[in-house]
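Here the structure comes first, spelled out in structure tokens, and everything after it is commentary.
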Amino acid sequence: MTDQEVLGPIIDGKVVASGSTPKFKAIYPVDGKEICEIYSCGQEQTDAAVRSSEEAFKSWGKTSFGERAAVLEHIARIVEENLEYFAKNETLDTGKGIGESLVQIGNSAKIYRYFASAIRSHEDRYIRYDNGTASVVIREPFGSVGLILPWNAPSMLLSWKLAPALAAGNCAIVKPASVASRAALNMVLRFQEALPPGVLNAVTGSGPDVGNALVKHPGIRKISFTGSTAVGREIGELCGNRLIPATLELGGKSASVIFDDANIERAIQFVMLGSLSSAGQICIAGTRILVQSTIYDSFVEKLKTKFDTLRVGDPMDSDTQMGPVINKNQFDKVMGYIDSGIKDGARLVIGGERLTGGIYDKGYYIAPTLFADVKSDMTIACEEIFGPVLSIMRFDTEEEAVSIANGTEYGLGASVWTKDINRAMRVSQALEAGTVWVNFYLDSPAGSPFGGYKKSGMGREIGKIAIDYYSNIKNINISSSDDVPPIF
Ligand code: NAD
């Protein structure tokens with residue numbers, strides 16, 4: 001299977017690689033080399049994508065649950081049969097380790113299969129009332145929905161949005177981030193063999209231009225956005241103004257609360273996994289580590305030893321555990337946070353610098369960085385860094401731990417580490433986060449609803465409930481009587 005030489009908007013199953021719109025480049029984060037050129041969308045192509053989608057909806061919106069399930073199963077097969085190809089594309093776009101890409105693409109296939117099964121087994125509701133009437137409550141698709149992706153996990157997040165959107169009977173228009181469009185566009189192209197033309201289109205280009213045009217387009221009936229809190233707020237305002245629903249999956253600053261009775265080796269392993277995956281460029285990065293004072297010093301030492309032995313290098317090498325950050329912008333942002341941690345008086349335990357020599361000189365590699373003695377009001381403890389930087393804080397009591405953990409404007413995820421089941425339950429309930437993991441982290445199976453509290457977003461993705469977020473409720477009231485009633 002070969003890639004398209006040139007990519008661009010995908011409308012009615014075909015790449016629109018012509019016209020006067022500017023092109024942008026797909027860049028490999030590891031060496032800064034150009035992989036391909038991508039045509040951007042002008043208003044004309046965005047209009048065409050929406051028109052094609054509206055046309056396709058006339059029949060796709062009427063498909064049976066079984067027909068949609070069959071299409072989703074077909075897409076799952078395409079993903080499974082091209083697992084390595086898609087994983088390589090994901091790494092070429094993002095620089096994340098190939099092992100991690102393989103896991104994410106494998107999970108995407110499971111997401112498509114899950115929603116095939118969820119829609120096949122979907123049951124509408126029948127409600128009987130005391131007055132002898134009844135209603136049938138059904139879910140109906142919105143029509144054309146806009147799916148806006150971030151650059152950090154484009155292939156997997158495409159599945160999180162596309163699978164429930166199609167299951168609910170919508171047509172989708174995908175807008176990948178311009179710094180990582182190629183993997184998602186290639187997937188959208190491969191999926192065309194499973195779908196009628198126009199059911200899945202894509203628009204390409206910058207967020208403020210093309211993303212904004214999609215959100216404002218009168219033919220778009222719902223937006224699902226994953227990205228930063230700042231842009232999410234802007235999109236939320238636009239959707240509010242248009243009175244269309246928006247699912248917003250935004251930033252995070254997730255806490256791991258580690259009590260002294262926890263399985264420390266396991267906690268450390270998951271802290272590494274949860275904070276250094278994709279070089280820390282994940283929304284759910286568990287980078288605020290709260291450790292009980294009684295084990296604080298030994299925990300920091302053990303984590304430092306693990307950081308020291310992490311294999312940072314070529315992401316195409318399956319032994320590599322961490323690759324570079326995506327580009328200079330992200331590098332500068334992360335290094336700025338490291339400087340602020342040092343200036344604020346946090347103790348730099350390990351890392352803190354750009355790695356150099358060999359492959360490191362071509363990409364933006366940041367040494368895994370650990371700060372200890374972090375105070376909860378320091379910038380590195382409060383703001384999303386989106387890089388391989390962890391802050392370790394100290395607590396004495398359960399109440400103090402909860403108060404520090406909740407002391408951020410974000411509320412995406414959290415984890416609790418203890419063998420005491422009562423405490424695990426108490427703390428999980430007290431934490432302000434959309435997902436709390438107890439004695440593990442990160443794993444988000446297709447059936448588990450995912451989303452944020454506070455400024456981490458609105459709505460939920462994946463889990464059966466996601467179908468509700470992609471559909472309207474219609475209540476059909478039925479009378480079984482032929483009587484002619486009096487008027488008052
Ligand atoms: P971003 O907000 O800069 O961009 C996200 C997407 O929105 C891109 O496709 C971009 O082109 C588009 N966009 C930008 N401005 C727009 C506008 N004005 N109108 C419409 N679209 C616009 O985010 P990013 O830098 O690509 O991704 C990183 C952020 O995403 C982080 O904050 C991270 O936490 C968040 N994220 C959240 C989740 C989650 O599930 N909660 C998952 C992954 C990433």
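Readers should treat all values here as calculations from the given coordinates under stated rules, not as data from a laboratory. Here the structure is a predicted model, which means the values were calculated and not measured. All Cβ positions, glycine included, derive from the backbone under ideal geometry; neighbour counts span all protein chains shown.
Structure notes:
- Local net charge near Phe450, Cβ-Cβ under 10 Å (Lys/Arg +1, Asp/Glu -1): -1
- For the stretch 119-158, the residues whose backbone nitrogen is under 17 Å from a point 7 Å from the Cα of Ile473, taken along Cα to Cβ, are 123-129, 134-142.
- Rounded to 5, percent antiparallel among DSSP beta bridges of the chain: 45
- GluC sites (Glu not before Pro) within the stretch 1-107, DSSP loop, no more than 14 other Cβ atoms inside 10 Å: Glu5
- Between Val174 and Leu147, Asn201, Ala202, Val203, the built amide H atoms are under 5 Å apart, and every one of these is 5 or more places off in sequence or on another chain.
- Computed E for Val137/Asp377 - FRET, C-beta separation, R0 60 angstrom, nearest 0.05: 0.80
- Computed [θ] at 222 nm, helices only, for the chain once each DSSP H run of length n ≥ 4 contributes -39500 (n - 2.57): -11500 deg cm²/dmol
- Mean shadow area of the stretch 10-154, taken as a quarter of the surface of its Cα convex hull (nm²): 12.1
- Taking θ as phi - 60° and the Karplus parameters 6.51, -1.76 and 1.60, the scalar couplings of the stretch 67-78 work out to 5, 5, 4, 5, 5, 5, 5, 4, 4, 4, 5, 4 Hz in sequence order, x denoting glycine and proline.
- For the stretch 407-486 versus the stretch 52-78, the inter-centroid distance based on Cα atoms is 26 Å.
- Rounded to whole Hz, the Karplus (6.51, -1.76, 1.60) HN-Hα couplings of the stretch 254-268, x for glycine and proline: 7, 9, 10, 9, 10, 8, 6, 9, 6, 6, 5, 4, 5, 4, 4
- Spin-label pair Asn406-Lys216: with each label point 7 Å from Cα along the Cα-Cβ axis, the two points sit 4.1 nm from one another.
- The label point for Asp308 and the one for Asp130, both projected 7 Å from the Cα toward the Cβ, are 7.3 nm apart.
- Proximal charge balance of Thr21 [Cβ under 15 Å; K/R count +1, D/E count -1]: -1
- Given their separation in residues at 0.36 nm each and the Cα-Cα distance between them, Val484 and Ser448 gain 8.0 nm when the chain is fully extended.
- Taking amide hydrogens as placed 1.01 Å from N in the peptide plane, the amide H of Thr247 sits under 5 Å from those of Ile223, Ser224, Phe225, each at least 5 positions away in sequence or on another chain.
- Net charge over other residues, Cβ less than 14 angstrom from the Cβ of Ile11 (K, R count +1; D, E count -1): -2
- For the chain, alpha-carbon Rg and Dmax in angstrom: 23.7, 89
- Members of Lys25/Lys175; Lys161/Lys222; Lys62/Lys222 lying beyond 22 Å, as alpha-carbon distances in this model show: none
- Our estimate of slack between Lys33 and Ser318, defined as 0.36 nm per intervening residue step minus the Cα-Cα distance, is 100.5 nm.
- Cross-link partners for Lys302 among the lysines, with Cα-Cα distance under 26 Å and sequence neighbours closer than 8 places in the same chain left out: Lys96, Lys253, Lys343, Lys375, Lys419.
- If both residues of a DSSP beta bridge must be in the stretch 225-368, then about 20% of such bridges are antiparallel.
- Remark: the stretch 332-339, residue by residue, has Karplus-estimated 3J(HN,Hα) of 4, 4, 5, 5, x, 5, 4, 4 Hz, where x stands for each Gly or Pro and the curve is 6.51 cos²θ - 1.76 cosθ + 1.60 at θ = phi - 60°.
- Distance between the stretch 244-313 and the stretch 319-395 - C-alpha centres, whole angstrom: 13
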